[in-house]
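Report on the following structure.
Bear in mind that the values in this text are calculations on the coordinates, not laboratory data. This structure is a prediction, so every number in the text was calculated from the model and none was measured. Reconstructed Cβ throughout: ideal geometry from the backbone, glycine too, with neighbour counts over all protein chains shown.
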Amino acid sequence: MYYKKNKSRTFAVIAIIVFSIIVLGVTVFMTIRNTRDMQAILEESIKTQLISTSLAARSLLDVDAFYSYNSKQDIIDDYENFSAVMANLRSLKDIVGATYIYALKYIDGTYFFVFDTDEESDTIFDEYEIYHVHERAFLGYEAAGIMNVVDEYGSFNTGAVPIFRDGQIIGIISTDIEDTFIQESIAASTHNIIVLVALLVVAMGVMIVIVVRMMGNVRKAEEKLFKMANYDILTGLPNRQYLMHYLEDLSSKSLKAGEPFAFLLIDMDNFKKVNDGAGHDAGDELLRHFAEYLSGLHEQSKEFRPPAGRLNVSARIGGDEFVQIIPGIKSEQEAQEFASNMIANFASEDIDRFVERYKVGISVGVALFPQHTKDYNVLIKYADMAMYHAKKNGKNTYCVYNEDLFRTEIEMLQEAGAGDRRQFRGNR
């Protein structure tokens, strides 16, 4: 039963940890997915802005003039008109927050700048290496790419649209936005995810610690209540309630394993004289000393919750009645030897100052499992019968149960009634 409780507690802790990991994983997954969705929205917004700006820039061009610009000299010859268009493009660039707006033209297998709003460079008709966004625009498409193009000027996102004249593509106009938005978004998202994971790990850790401590406190409280309910306060030995649960488990496992044991019911002789002559405090002291004496007979007598596989157990089941369970007793002769030694050692040891004065001894009744019975309730009754006969035979002795005792018990009860026995046992 207690193993199952400990197992259930362990399962509960594991379940909490697994649940925490699942929550953490789901939260991180949802955060990453939401971040990616937001980045996708941001990318689409930037693409739309790039194309819109490029379309606006195209409307500022003098298409016929642009068509006529095939060399630097052509621009110089039309410089006043060229300068006016350039001023409008630079104004648009500043308004929309673009980095560059420029127009490209394909001449004799080479791509050239015709317009370029870069104020740090006043060169015109420089050669230019185009990217896929420009290629699509030269094919007649409105194109944009969050492509993080890196060149000597920096990293950019680009949009471009074709320039038409009489239905023919004569060039493209393009807009660059420096790649800060996406990179900052990715960096911020990464930072947020790290912070979120750290906070969740700390929160889950704190929760697990709190739950484990609470379960530990519950376990301690359960053990305290278990001790209060199942252990004798005066002697620290298991009480009758514990003994009955223990015997139930023990008898079942002993039958399966083929391991016999002896059940000894022990009653102190003349204990009432100690209480009457020296007081109840002296009686309590004697009971504690006798419990320590029994505990000294083996190592497991006072172990908290000894498993049923360990047979050696002492218990106090009533006022001056004790139980001793002895493992491995296979015959009545072995039981007699143990009981005889127990009585002799008790008489020889000075365990209490009132033992000699009031002639305190012990009467022991022995029943063997499973030789005498396979029912632990009947086993207790048999040991009780044997102990009663030990009392009757002069006290401070032992008796091992046999069939003759059972017949004698029946005859005495039939002749004298149960009251005589209770009266006899009450005058010990």
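What to note about this one:
- Amide proton proximity set for residue 107, modelled H, under 5 Å, gap of 5+: 112
- Paramagnetic label zone (point 7 Å from Cα along Cα-to-C-beta, residue 19; backbone N under 19 Å) in region 190-205: 200-205
- Across region 253-270, the residues whose backbone nitrogen lies under 17 Å from the label position 7 Å along the beta-carbon direction of residue 337 are 260-263.
- In this structure, the pairs whose alpha-carbon distance is over 21 Å, taken from 272/395; 256/381; 330/374; 256/330; 273/395, are 256/381.
- Taking a straight line from the alpha carbon of residue 105, these lysines sit under 24 Å away, with near neighbours fewer than eight places off in the same chain left out: 47, 72, 93.
- Here the simple spin-label model places points 7 Å from the Cα toward Cβ, and for residue 91 and residue 37 these points are separated by 4.2 nm.
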